[in-house]
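Q: Quick one: this structure, given as structure tokens, is what I'll be asking you about.
Please treat every number below as a calculation from the coordinates, not as lab data. This one's a predicted model, so the numbers in the text were calculated from it and none came from an experiment. Note that each Cβ is placed from the backbone with ideal geometry, even for glycine, and that neighbours are counted across all protein chains shown.
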Amino acid sequence: MTDGDRQPDAAAAFDALGAAYEKAFAGSEAHRASLEWLLERLAPGSRVLDVGSGTGRPTAETLAAAGHRVLGVDLSPVMVELAARQVPDAEFRRADIRELPLTDGSYDAVCVYFSLLQMSRAQQSEVVGRLVRALRPGGHMVLATVPLDVEGVDAVFMGQPVRVTSFAAGDFTALADAAGLTVLREEQTLFTPAHPEAVPEPHLFLYARRD
Ligand SMILES: C[S@@+](CC[C@H](N)C(=O)[O-])C[C@H]1O[C@@H](n2cnc3c(N)ncnc32)[C@H](O)[C@@H]1O
């Protein structure tokens with residue numbers, strides 16, 4: 001919990017989950033397919049920002065193994081420590097993406113896999129807008145979320161209290177459009193994490209480009 005408002009704290013939840021998160025989501029074929037799509041579009045040695053990089057797997061690991069220069073940013077110190085150990089060929093930094101200064105046009109690709117869900121809707125829009133500006137024109141972005149029309153809902157995720165805010169699928173795609181992305185493809189799946197306290201969850205993957 002944060003000191004002031006006693007709301008569930010995203011970093012605390014993911015500190016507690018650590019490697020259990022990776023294990024639970026390792027079976028996501030849609031996540032791996034989206035990385036394959038991205039790899040097909042990256043020039044050698046591309047600069048990639050992975051927002052909410054978690055344990056570094058599969059995203060940073062897959063991209064770094066292909067020779068790309070990956071910076072992973074995560075709020076959770078436990079996740080950053082795990083990722084740095086598991087993926088030594090990528091760089092990881094503990095930071096809140098809402099506060100991290102970003103230089104316009106400085107990345108060839110940006111990945112956002114399920115890392116917006118603990119932000120308000122306004123913050124999600126603002127962050128995606130800044131990430132689009134951090135992409136060079138022609139650069140690609142994969143955005144993945146749980147497409148539900150919920151705002152500030154208290155939930156239990158793999159045994160951890162979390163407060164979740166998201167958008168229905170059409171509204172999330174509209175957010176990406178409004179931020180300046182061209183959505184080239186959308187994939188929707190229902191995924192059940194491999195964890196005794198997990199329930200099936202809808203996943204939306206947007207494959208996009210900054211034109
Ligand atoms: C659901 S996990 C997904 C991890 C990874 N992207 C994946 O798909 O395997 C979300 C991650 O985003 C991080 N996160 C949440 N809010 C964040 C923020 N404001 N800034 C940076 N990281 C954040 C969490 O700490 C967590 O590691």
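Q: What nm distance separates the two modelled labels at Thr103 and Glu29, each placed 7 Å from Cα along Cα→Cβ?
A: Spacing of the two 7 Å Cα→Cβ label points: 4.1 nm.
Q: Could you tell me which of Ala169, Thr192, Ala179 has its Cα farthest along the dipole of the stretch 166-211 towards the positive end, charges placed at Cβ (Lys, Arg +1; Asp, Glu -1), taken about the Cα centre?
A: Ala179
Q: Another one. Give the calculated FRET efficiency between Arg41 and Val150 to the nearest 0.05, with a Förster radius of 35 Å applied to their Cβ-Cβ distance.
A: The value I calculate is 0.65.
Q: In the stretch 164-211, which GluC sites (Glu not before Pro) fall in coil by DSSP and have 13 or fewer other Cβ atoms within 10 Å?
A: Listed in order of number, the matching sites are Glu197.
Q: Also, quick follow-up: Filter the trypsin sites (Lys or Arg not before Pro) in the stretch 47-121 down to the DSSP loop ones having no more than 15 other Cβ atoms within 10 Å, then list what survives.
A: Arg98
Q: Compute the distance from the alpha-carbon center of the stretch 19-59 to that of the stretch 128-207, in whole Å.
A: A separation of 14 Å, based on Cα centres.
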